[in-house]
1. Obtain the nm distance between the two label points defined at Met22 and Ile73 by a simple spin-label model: each point lies 7 Å from its Cα along the Cα-to-C-beta direction.
2. Expressed in nm to one decimal, what extension gain is obtained for the pair Asp55 and Ile40 from 0.36 nm per residue of sequence separation less their Cα-Cα distance?
3. Between helix 2-27 and the chain, what is the angle of the helix's C-alpha long axis to the longest principal axis, kept within 0 to 90° and rounded to the nearest 10?
4. Taking only Cα atoms and a 10 Å spring cutoff, compute GNM fluctuations for the chain and point out the largest among Leu130, Leu173, Leu95.
5. Based only on other Cβ atoms within 10 Å, what is the fewest-to-most ordering of Ser91, Ser96?
6. Full extension from Asp132 to Leu197: what is 0.36 nm times the residue separation minus their Cα-Cα distance, to one decimal in nm?
7. For the chain, what does the helix formula give at 222 nm: sum of -39500 (n - 2.57) over DSSP H segments with n ≥ 4, over the residue count, nearest 500 deg cm²/dmol?
8. For Asp132, Asp55, which order do you get if you count the other beta carbons within 10 Å of each Cβ and list the fewest first?
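Taken together, the values in this text are just the output of simple stated rules run on the coordinates, not laboratory data. Remember, it's a predicted structure, so these values are computed and weren't measured experimentally. Positions of Cβ are generated from backbone atoms using ideal geometry, with glycine treated the same way; all protein chains shown enter the neighbour counts.
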Amino acid sequence: MRHKELTVETRIKKEGQLTQVMHRLRKNKLAMAGLYIILILIIVAILSPFIAPYDYTKMDMSLKYAKPSLKHIFGCDDLGRDIFSRLMYGSRASLSLGIIATLVSTFIGIIIGSVAGYYGGKIDNVIMRLLDVIQAIPGMLLSIAISAALGSGFINTIIALAIGGVPMTVRLLRGSIMTIRNQEYIEAAEKINATKLRIISRHILPNSIAPLIVSVTMGIGNTILMAASLSYIGLGIQPPTPEWGAMLSAGKPVIEKYPHLCIFPGLCIMVVVLAFNMLGDGLRDALDPKLKN
């Protein structure tokens, strides 16, 4: 009975904390603006086959390099394809790459960081030295090397982007775990012979996850930017699949005569990265108001 009462009290406390976080987040106008932009982009990505004004594969050479007009508000590319429709479809690839790659790297980072932070000692030293080797290579260069070795494509690009994001997640989670692993409630769980897996999953991770939420949110925007960079240099998603970075690359040779081929994909990348950064800043302030400047 006492255990059930504690469980109810814990749940009520967590719900109260969540309510406070959401209340602080709603008061941050920039964070909410970022959230709304992200939600709109996700809806557009999902519904693009139904709401796009044209088929993104439809070519009309009579409209080659057509400039923005009422019929084609963002103009047409070198094959007469509607840029606005291709941007809508391209949001699928760009958002999917950013979200999936970040979640994969976070999942791997949580496992490795939990082991390193909780056990410490030689295990921690071995893990951190291996991460030092990985982090000695600039993130973009590492992604380029992996992508070049694996080749272009959706899955290969996710792998290339995810590996580069693991070290930061491990270090962030390890630091959080090391600050709480000697707390009384952790010692109490160990005294009653709770399994290591239960201690980590039920007591340590829930109390060290807040910085990770902020990191993931901002990491998605950074990963989208890196994915666009890979596609721009020919190592990510490649035509005919529309992707914002690849569309930028296609418009590069004629940017002086037809700047709209690069302006609109570039604006899409800028807006989505900015939206995730604004939301991440808001989440940071909402989860820990002490960090607010």
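1. 3.2
2. My answer for the length gained is 3.3 nm.
3. It is inclined by approximately 40 degrees.
4. Residue with maximal mean-square fluctuation among Leu130, Leu173, Leu95: Leu130.
5. The order, fewest Cβ neighbours first, is Ser96, Ser91.
6. Difference between extended and current length: 20.8 nm.
7. Calculated at 222 nm, the ellipticity per residue is -24500 deg cm²/dmol.
8. Lowest count first: Asp132, Asp55.
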